[in-house]
Amino acid sequence: MKASITNPAITLLAATLALGLAACNNDNRADDAPRTTAGGTAATTDGMTTDEPVTATGTPGMGTDGTAAGQHAEGDRKALMAVEEVDRHEIAAAEDALAKNVEGDVRRYAETLRDDHTRNLDATRRLMGAAGGNAGMGANPGATGAGSMGAGTGAAGAAPTGAAGTTGAGAAAAGATHGMHGGDAELTAMREKHEAERQRLSALEGQAFATAWVQAMVTGHEEALAKLDNELIPGASDEAVARHLRDTRTSIAGHLETARTLQANNR
């Protein structure tokens, strides 16, 4: 019997052809699906990349609500700014009450307002910053002069005392109103109303202050709830913003209930 002899050149040629066919098949399959680079940018089938981010909708540069990626719709942006102003005012008002040395349940309520609204303010600003919308909207307390918005809490130290004897936003914040709100008339009016109320209360002392302050908390929280229910929540287009507004409403409703109880107990 003769032994079979394999030609090495033929064997090498066959192996090369097989490898080439396999490579072509892999390339064809890869081209059928979109690719992304390590930086999250989209890659085209010809190997070129685009700087546009790929969003959940699959459309480069667009958010789920059709706005440009990294931006809130105008209504959502204004809603967050309104909540920011409510938080800022409640923190400042709580610091005013603590500086007046209110006692008992009123003091505990002021501490609760300060802590709850500080947490909510932080969440509001994170949401604003996540959309690149914090520029010029008071995201930096020092820039707006409203140092007590975060600095007045126990976690971040005491805010400076203003000319009226309060530890709130004071005259510096009032002077920064128009810059903070970018000329928005409604938000400017909210800020001016809050500052005027705090100035009025600053002239009172003792039980007269405590009674008037609790009444102001009832009125202020009623107004905030009405704004959330009738305007801000129904007008929200982004789900993250809507969820934050609903959470804010829950907190404010609880504060209102407590303020009404304090008011009833002190009649």
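The values are calculated or read from the model by the stated rules, or taken from the named source; none is laboratory data. Keep in mind that what you see is a predicted model, and the values were worked out from it rather than measured. Quick reminder, even Gly has a Cβ in these numbers, built from the backbone with ideal geometry, and neighbours come from all protein chains shown.
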Might you let me know whether the stretch 243-265 holds any residue that is assigned to a loop (DSSP other than H, G, I, E, B), at pLDDT 95 or above, surrounded by fewer than 14 Cβ atoms within 10 Å (Cβ to Cβ) and not aliphatic (A, V, I, L, M)?
-> no
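Which ones in the stretch 51-96 are in a loop (DSSP other than H, G, I, E, B), of a type in the set (A, V, I, L, M, F, W, C) and modelled with pLDDT under 50?
Applying the first criterion (in a loop (DSSP other than H, G, I, E, B)) to the stretch 51-96 yields 54-61, 63-67, 69-73.
Retained after the next criterion (residues that are of a type in the set (A, V, I, L, M, F, W, C)): 54, 56, 69, 73.
The answer is 54, 56, 69.
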Mind counting the residues in the stretch 240-267 that are of a type in the set (Asp, Glu) and either in contact (Cβ under 8 Å) with a residue 40 or more places away in the chain or under 17 Å from residue 85 (Cα atoms) (or both)?
-> 1
